[in-house]
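Values in this text are rule-based calculations from the coordinates and carry no lab data. All of these numbers come straight from a predicted model, not from anything done at the bench. Reconstructed Cβ throughout: ideal geometry from the backbone, glycine too, with neighbour counts over all protein chains shown.
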Amino acid sequence: MTAAPEMPEVPENIAPYVRAIGIDKTVELLLEFGGASLYFGKNPTMRSRVVALIGAEAVKAMEAGLGSFGERVPLANRWIANYLAAQSVPTQEIARRLRTTNVTVRNYLRGRSAPGRLNAPKQLNLDI
C-alpha cells in the first residue's frame, strides 16, 4: 500500500477562499460552483444555494474577504485532486467528484498536464 500524498500548497487564486472559509468549505464550494460567477452579498438569504452549501456566516466571510462583487469561482481541479488524494480519497471517487476520468486524475497526481499532452512538443523541430 502506498502512502497518501502530502497536502498540496494552496494556489494564489484559491488562497482568499481558504482564508475566508477554510479549506474544507473551499473544496465544497469549488466542486459545486467552480467556473460559475457568484455574488457574495453582505446579507445572504437562506434561499441562496451558496448559503445552503457553506452557511450564511461563511458567505459573509467570503464577502468580507473578496468583496460583494460578482466573482467567477475558479475550477482548481488539479489542486482539488491533490487535496482529496492527501485525504486518502480513492482515485475513482476523485474522478467522479471532478467529473473527469481516472486517467486525468492520475496525471494530476503525478504532476503531469493532461493525457496525450505529456510529451507533446510545443513547436515542431525545424532542423533539417
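Structural remarks
- Residue list for the range 13-28, restricted to those being assigned to a loop (DSSP other than H, G, I, E, B) and either in contact with a Lys or Arg (Cβ under 9 Å, 6 or more places away or on another chain) or under 21 Å from residue 100 (Cα atoms) (or both): 14
- Flag set for residue 47, criterion: of a type in the set (Lys, Arg) and either free of Cβ contacts under 8 Å to residues at least 12 places away in the same chain or in a loop (DSSP other than H, G, I, E, B) (or both).
- All positions within the range 50-97 that are among the polar types (S, T, N, Q), surrounded by fewer than 15 Cβ atoms within 10 Å (Cβ to Cβ) and in a helix (DSSP H, G or I): 92
- Residue check: residue 31 meets all listed conditions (1) without any contact (Cβ under 8 Å) to a residue 40 or more places away in the chain; (2) assigned to a helix (DSSP H, G or I); (3) surrounded by 14 or more Cβ atoms within 10 Å (Cβ to Cβ) but one, namely (1).
- When restricted to residues that are in contact with a Ser or Thr (Cβ under 8 Å, 6 or more places away or on another chain) and farther than 13 Å from residue 25 by Cα, the range 40-65 contains 3.
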